[in-house]
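Quick notes on the structure that follows.
The values are calculated or read from the model by the stated rules, or taken from the named source; none is laboratory data. Model, not experiment: these values are computed from the prediction. Backbone-built Cβ (ideal geometry, glycine too); neighbour counts: all protein chains shown. Just the protein is used for accessible areas: all its heavy atoms, side chains included, with ligands, DNA and RNA removed. Shrake-Rupley method; radii C 1.70, N 1.55, O 1.52, S 1.80 Å.
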Amino acid sequence: MNSIIGIAVKDIKTFFRERGTIFWTIAFPVMILLLFTAIFGREILSTQTWE
Amino acid sequence: MIIEVEDLVKHYGEVKAVDGVSFVVKEGEIFGLLGPNGAGKTTLMEILCCLRRFDSGKATVYGFDLAKDSLKVRASIGFCPQETLLYDLLSVRENFAFSASLYSLDSKKFNERVEFSSKVLGVGEFLNRRVQQLSGGMKRRANLAASIIHDPPIVILDEPTVGFDPNIKREFWELIKNLKHYSKTVLLSTHDMYEADEICDRVAIMNEGKIVALDKPYALKKTIGGDDAIHIRVKDSQTKKAITILKEYKTTVIDSEIQVSAKNPWEVMAEVSNKLVSQGILTEKIEIVEPTLEDVFIKLAGRKLAEES
């Protein structure tokens with residue numbers, strides 16, 4: 001059990017200390033989400049209204 | 001005997017990496033495996049650490065059979081490989097905590113071991129620094145400390161000082177010698193004859209997967225290395241005359257130095273010196289050079305240790 005916790009702690013610490021990893025796994029998906037929402041958000045709304 | 005190896009064989013396809021190796025390591029000694037790259041040292045160590053399977057033979061580590069009790073064998077050894085196995089983004093203490101968790105060490109024991117590493121291996125000064133910020137020597141010290149965090153009775157070091165500058169190398173040798181004072185048995189591999197000579201109680205010389213000689217470094221040098229040599233340097237213009245004067249001795253000339261081999265070098269040095277002076281030849285240098293483990297290897301294998309390293 002100790003080993004599993006030890007590995008988890010090590011992985012979490014190394015994950016949050018690697019800036020590149022944080023960017024690609026958290027910041028980048030959020031940016032993409034916001035971008036596509038800004039581009040296509042209205043279209044979906046208007047489509048829904050049209051139907 | 002803390003490590004017993006009997007007729008161990010390991011093949012990589014057609015190549016016999018370990019070829020019928022047998023030896024024992026006594027408790028509390030520093031035992032060296034000396035040989036050029038490709039001699040089978042690392043394979044042998046990896047077998048003893050249960051990282052590789054062997055084809056035939058028998059081996060026990062701390063009384064546990066390698067084939068049957070591999071978990072107990074692993075718990076009783078600390079293996080420090082050539083490359084540093086620490087996480088760059090973690091501090092030294094966090095790396096230790098990770099290694100300790102793999103061996104289920106409780107916090108009291110962990111703190112004791114960190115204290116030990118700080119005192120004996122000198123890691124206290126950089127315990128809270130990230131590994132990526134450490135120098136090469138610090139990393140190696142931390143690596144060694146992490147590999148023995150669970151307080152194993154046996155420490156296995158694979159070429160521990162390869163790539164070190166001479167000062168750090170010497171510092172590391174002291175650390176390894178220190179481990180002996182804490183009742184650790186050390187098995188190390190090296191292709192550095194000075195390292196083997198300096199720190200090992202006994203040395204097994206390996207060549208092409210076999211142990212070709214095994215004894216204390218001093219005994220190996222005396223029995224196999226040959227006689228001591230007196231190295232003499234005179235002015236280039238006088239070298240020929242000096243050789244003529246010394247014709248009754250067994251002389252060779254290497255790099256414009258006359259080398260006289262002798263069983264009783266101190267007496268012969270006095271004689272040679274007197275003879276040269278009486279004939280008007282002044283020596284620029286005269287010294288006694290003992291045979292090295294390199295000479296032993298050359299006599300046994302017919303080539304130099306360094307050729308393949």
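Worth pointing out:
- For the protein assembly as shown, accessible area per residue (1.4 Å probe, heavy atoms of protein chains only), Å²: 54
- With θ taken as phi - 60° and the Karplus curve 6.51 cos²θ - 1.76 cosθ + 1.60 applied, the whole-hertz 3J(HN,Hα) list for region B:229-241 is 10, 9, 9, 10, 10, 10, 4, 3, 5, 9, 4, 4, 5 Hz, x standing for glycine and proline.
- When each of B:Lys58/B:Lys139; B:Lys58/B:Lys216; A:Lys10/B:Lys184 is checked by Cα-Cα distance, pairs over 31 Å: B:Lys58/B:Lys139
- Rounded percent of accessible protein surface that carbon and sulfur make up, chain B, 1.4 Å probe: 48
- Measuring between alpha carbons in the structure, the pairs from A:Lys13/B:Lys119; B:Lys41/B:Lys222; B:Lys26/B:Lys222; B:Lys26/B:Lys250 lying more than 31 angstrom apart are B:Lys26/B:Lys250.
- FRET efficiency, B:Glu112 to A:Phe23 (Cβ-Cβ, R0 51 Å, nearest 0.05): 0.80
- Overall, region B:62-157 carries a charge dipole of about 120 debye about its Cα centre when +1 sits on the Cβ of Lys and Arg and -1 on the Cβ of Asp and Glu, all other atoms neutral.
- Trypsin sites (Lys or Arg not before Pro) restricted to region B:11-114 and DSSP loop, no more than 14 other C-beta within 10 Å: B:Lys26, B:Arg53, B:Lys68
- Annotation for B:Asn128 and A:Leu34: the two label points, set 7 Å from Cα along the Cα-Cβ direction, are 3.6 nm apart.
- Residues whose amide H lies under 5 Å from that of B:Ile30, counting only those 5 or more places away or on a different chain, are B:Val186, B:Asp201, B:Arg202; hydrogens are built 1.01 Å from N in the peptide plane.
- Paramagnetic label zone (point 7 Å from Cα along Cα-to-C-beta, B:Ser273; backbone N under 16 Å) in region B:229-244: B:229-234
- Relative contact order computed over region B:1-59 (Cα-Cα under 8 Å; 6+ residues apart), in percent: 44
- B/A buried area, accessible surface, summed, 1.4 Å probe, Å²: 900
- Annotation for region B:242-307: GluC sites (Glu not before Pro) lying in DSSP loop with at most 11 further Cβ atoms inside 10 Å of their Cβ are B:Glu248.
- In angstrom, the C-alpha Rg and Dmax of the protein assembly as shown are 29.1, 120.
- Counted residue by residue at 0.36 nm each, then reduced by the alpha carbon distance between them, the extension gain from B:Thr252 to B:Glu29 reaches 76.4 nm.
- 5 Å-binned pair-distance histogram of region B:110-187 (Cα, whole percent): 3, 15, 29, 27, 18, 7, 1
- Most mobile of B:Pro217, B:Pro160, B:Pro152 in a GNM of chain B (Cα contacts under 10 Å): B:Pro152
- Entry note, chain B: relative contact order of 21 percent, from Cα contacts under 8 Å with a spacing of 6+ residues.
- Highest GNM mean-square fluctuation among B:Asp19, B:Asp236, B:Asp106, for chain B modelled with Cα contacts below 10 Å: B:Asp236.
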